[in-house]
1. If you take each beta carbon of peptide A:112-124 and count the beta carbons of other chains within 10 angstrom, what is the mean?
2. Loop by DSSP (not H, G, I, E, B), at most 16 other beta-carbon atoms within 10 Å: where is the longest site-free stretch of chain B for trypsin sites (Lys or Arg not before Pro)?
3. Give the relative contact order (percent, whole number) for the range A:186-238; include only Cα pairs under 8 Å separated by 6+ residues.
4. Once amide H atoms are placed 1.01 Å from N in the peptide plane, what residues at a sequence separation of 5 or more from A:T108, or on another chain, have their amide H within under 5 Å of its amide H?
5. Rg and Dmax of the protein assembly as shown, Cα atoms, in Å?
6. Obtain the radius of gyration and the Kirkwood radius of the range A:1-60 from its C-alpha atoms and give Rg over Rh.
7. Could you tell me how far the Cα centroid of the range B:200-276 sits from the Cα centroid of the range B:126-140, in Å?
8. Just how many % of Cα pairs in chain A lie over 33 Å apart, if you round to the nearest whole percent?
Amino acid sequence: MAAEPAVELAGVSLSYRIPKEAVQTFKEYAIRKLQGRIEHGELVALRDATFSIAPGERVGVVGPNGAGKSTLFRVIARVRRPTRGRVVVRGRVAPLLELGLGFHGELTGRENVVLHGAVMGHSRRDMERRMDAIAEFAELEAFLDAPLRTYSTGMAARLAFAVATDVDPDILLVDEALSVGDERFQVKCHARMAGFHERGKTFLLVSHSLSEIVSNCSRALWISGGCIVQDGPADAVCAAYHAWAQGGTPA
Amino acid sequence: MTSANPAPTVYDSARGGLLFVEEAKALWLYRHLVAEIVARDIKVRYKRSVLGVAWTMLSPLLNMLAMTWVFSLVMRMDVKNFPVYFLTGSIFWAFFAGATSHAASLTIDAAEITKRVYIPRSVFVVSAVGVALVNLCLSLVPLFLIILFTGFPIHASWLFVPVSILIGALFTTGVGLVVFTLASRFVDIKETYLVLVGAWFFVTPIVYTPSIVPERWRFIVRYNPMTYLVEVFRAPLYDGWLPGPKTLAFAALAAVSSLAVGWLFYASRIEEYGRGS
């Protein structure tokens, strides 16, 4: 018996409402409402997307800027509810996020790890138990008690990667962020992603680096203008996308 | 390793269910986040100030000295042990006003985070109330000292104070939810609310007793729910007796209705208001 899909989208569309004029204040809103002058434009960011991802699949998402890649992730991560259609996600989703997240830079790396874990629904005790492994992987043992604002971009990114992958989500969403740290650290990241795959975890990756997609994913989705143009083996889709991007015609 | 993980969840965007029930479940799942946000706020606050925790206890003392001077010496307010009368009201007011205006200012944090990851936004309101609760408990210490210092006896009614605080916290959460939800959509709500709260302070018997209000204006005080909530907090500390059954009933009713209205409003509107259009 085949397992139920980890991610299932059926006819999913998402449009952003764009007010024709930005009505920011309540005063203005009330006046315009009375005059019947609230108008919205619509931007369809995702159009009738239907696909499903089996548990353990590694899927890359390619497409030009503004194609709807990030919107697709937002819909899967529950950040936005689809305007039409249905999304079903089975398992815990962890988006790979930058640390800090609007939280305070005064807090230490350690406190940020706990806070970050809490954002994903983990208790303090749980995160403290994972702390050593996270610090070791991020190679930040010596800096764990320094405020986050003193971290370099690379240090913060390493810690974020370590947290997101250590909390052991069922579905990991990675948006353009695998190129974390130096080359040596990237090797570690790839090893960890491979381990992730071995444990049957699902993994989605948005990237402009086609080689990254081909080396990390078995399947790829090509999105353009909010529509899925092609869905198939990573190397074939990437080759077709590459040909199109170079000025050729879509496959 | 997996045993300590939260239970696997299924997210279905099409699943029905009442919004206010779904939101309540979501808040429970993210209770750890509430604890962490409260801890963060308190830590950040005390890391930055030299006086730290002492400040929370010192500020009501200074406040009391100034207000006592103004109202009992300059304005010749005739209230028995005015410092304690005033402080019991003002500490409770600081809790209410602090929590609700803090909730309004957390909308920026909330927008920043929820752009990237799903969390129920109600955690910010509950956290704001949590931070204010910690501050309230800290300011009870100087209050008790002043009560003892001014020669007030210790009363068994002090044991009722946690119940008063609970009722106050429910009311505050409800108001906080409404303010937070509106402030998520409109940038002028926070400022407007601060002005409102400033006015609300003066129609609540904190620096005066209801009896000095002229009869024709007394209805304002009578229809103000904060009158009853302040009284429920003040009675066990200042009068050394439990609040009257009528006062208690009004306060409890205000608390429950505020929470119900606030939660329903939040649950039905936050999805639309939170995304900023």
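1. Partner Cβ neighbours, averaged per residue: 6.
2. Details: sites that count: B:R15, B:R76, B:K80, B:K115.
No qualifying site falls inside B:116-277, the longest such stretch.
3. Values: 46 pairs, mean separation 13.5, N = 53.
Contact order relative to length: 26 percent.
4. For A:T108, whose amide H was placed from the backbone, the distant partners under 5 Å are A:L148.
5. So, for the protein assembly as shown, Rg and Dmax equal 27.3, 90 Å respectively.
6. With Rh from the inverse mean 1/r over Cα pairs, Rg/Rh is 1.31.
7. Going from one Cα centre to the other spans 18 Å.
8. The proportion of pairs with Cα distances above 33 Å equals 29 percent.
Every read-out reported here was derived from the displayed coordinates using simple, explicitly stated rules and does not represent laboratory data. As the structure is a prediction and not an experimental result, all values here were calculated from the model. Using ideal geometry, Cβ is built from the backbone for each residue, glycine included, and neighbour counts are taken over all protein chains shown.
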